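S.K.: For reference, the structure I am asking about is given below.
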Amino acid sequence: MFIKPMRIFMLGVFLILSGCAYHQKIPFEKTKTLYQGQDLNDPLILRQTPMLLIHNSASIYNRIGRPSARYDDQGEEQIYVDTEHPVIYYLKRTFTTSKGQYTNLIYLRPGVHRVMDIAVVEEGALKKSLHFTILPASLKPMQELERIPLDAGTTSFYYNKGVLKGHVKGSVKPWESIFLSLPSLDFFVGTDNIYGDRKETDNPFYTSLKPWNREASDMWYFATFLKFWGWRL
């Protein structure tokens with residue numbers, strides 16, 4: 001039996017992304033902050049994990065952290081990001097096209113989720129440079145976002161029932177709903193959502209605002225997604 005060599009296709013996706021990658025020049029900072037994944041026995045994931053360069057890390061909002069849960073003074077559940085314990089979440093999936101089998105590695109981060117630029121840089125050069133501060137970040141499976149510790153139990157990063165099922169708690173964007181819900185036929189357009197199978201989440205991870213492209217542009221079915229956007233893998 002002949003087995004085609006497995007090819008590696010890495011997709012840098014930041015926690016709950018929604019097709020927001022674009023190229024933009026990163027503003028100058030004297031010392032830049034990099035997060036590097038660690039604490040994982042899987043050599044493939046560890047080797048392929050990108051180092052994440054964070055713009056304006058002096059602002060807590062921009063830092064990578066660990067989604068956590070607590071109760072506020074009114075006893076209501078509150079999801080927040082603990083920036084004292086940075087975590088990069090990953091998901092490892094395989095998909096097949098007519099040209100072969102691929103491994104898709106997805107990496108996510110909370111808060112600002114736009115990819116501003118991608119570059120290949122020698123790791124040693126980064127570590128020797130005085131212009132970067134490298135911070136360690138634990139690598140955790142994405143499934144852990146569905147069992148965040150809360151007192152003696154757990155809660156999910158996502159709503160698990162109702163019209164918001166599959167969306168990230170507290171991420172509804174009213175202005176996007178007002179201006180984009182009609183053309184997209186999705187009242188919660190712009191709201192961060194789980195990267196998962198729409199058959200289970202009731203929430204397709206679509207990447208085209210045109211309603212008739214909702215299924216074809218669903219990033220969960222990656223081979224179909226690539227074909228839709230013109231990739232020839």
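The values are calculated or read from the model by the stated rules, or taken from the named source; none is laboratory data. The structure displayed is predicted, hence computed values, not measured ones. Here the Cβ positions follow ideal geometry from the backbone for every residue, glycine too, while neighbour counts run over all protein chains shown.
S.K.: From the list Ile194, Ile178, pick out the single residue that is modelled with pLDDT under 95 and surrounded by 18 or more Cβ atoms within 10 Å (Cβ to Cβ).
M.R.: Testing whether each residue is modelled with pLDDT under 95 and surrounded by 18 or more Cβ atoms within 10 Å (Cβ to Cβ) leaves just Ile194.
S.K.: For the range 118-233, which helices (runs of 4 or more DSSP H) that fit wholly inside it have 2 or more residues that are of a type outside the set (S, T, N, Q) and within 30 Å of Tyr80 (Cβ to Cβ)?
M.R.: In the range 118-233, the matching helices (runs of 4 or more DSSP H) lie at 174-184, 198-201.
S.K.: Filter the range 174-186 down to residues that are out of contact with any Phe, Trp or Tyr (no Cβ under 8 Å at 6 or more places or on another chain) and either without any contact (Cβ under 8 Å) to a residue 24 or more places away in the chain or hydroxyl-bearing (Ser, Thr, Tyr) (or both), then give me how many there are.
M.R.: Summing the residues that are out of contact with any Phe, Trp or Tyr (no Cβ under 8 Å at 6 or more places or on another chain) and either without any contact (Cβ under 8 Å) to a residue 24 or more places away in the chain or hydroxyl-bearing (Ser, Thr, Tyr) (or both) in the range 174-186 gives 7.
S.K.: Taking interchain pairs and intrachain pairs at least six residues apart, which have beta carbon atoms under 9 angstrom, with the first residue in the range 201-220 and farther than 22 Å from Gly162 by Cα and assigned by TED's automatic domain parsing to the domain that holds Asp186 and the second assigned to a loop (DSSP other than H, G, I, E, B) and among the β-branched types (Val, Ile, Thr)?
M.R.: What qualifies is Leu209/Val189; Asn213/Thr207; Ser217/Thr207; Met219/Val13; Met219/Thr207.
S.K.: Output the residues belonging to the range 152-173 that are touching a residue at least 24 places away in the same chain (Cβ under 8 Å) and on the phi > 0 side of the Ramachandran plot.
M.R.: Gly166, Gly170
S.K.: Among the listed residues Glu76, Glu84, Glu123, which satisfies the condition of being over 14 Å from the mean Cα position of the chain (by Cα) and modelled with pLDDT under 90?
M.R.: Every option except Glu123 fails the conditions.
S.K.: Related question: Can you tell which of Ile194, Ile148, Ile178 is among the β-branched types (Val, Ile, Thr) and more than 21 Å from Ile106 (Cβ to Cβ)?
M.R.: Just one listed residue meets the conditions, Ile178.
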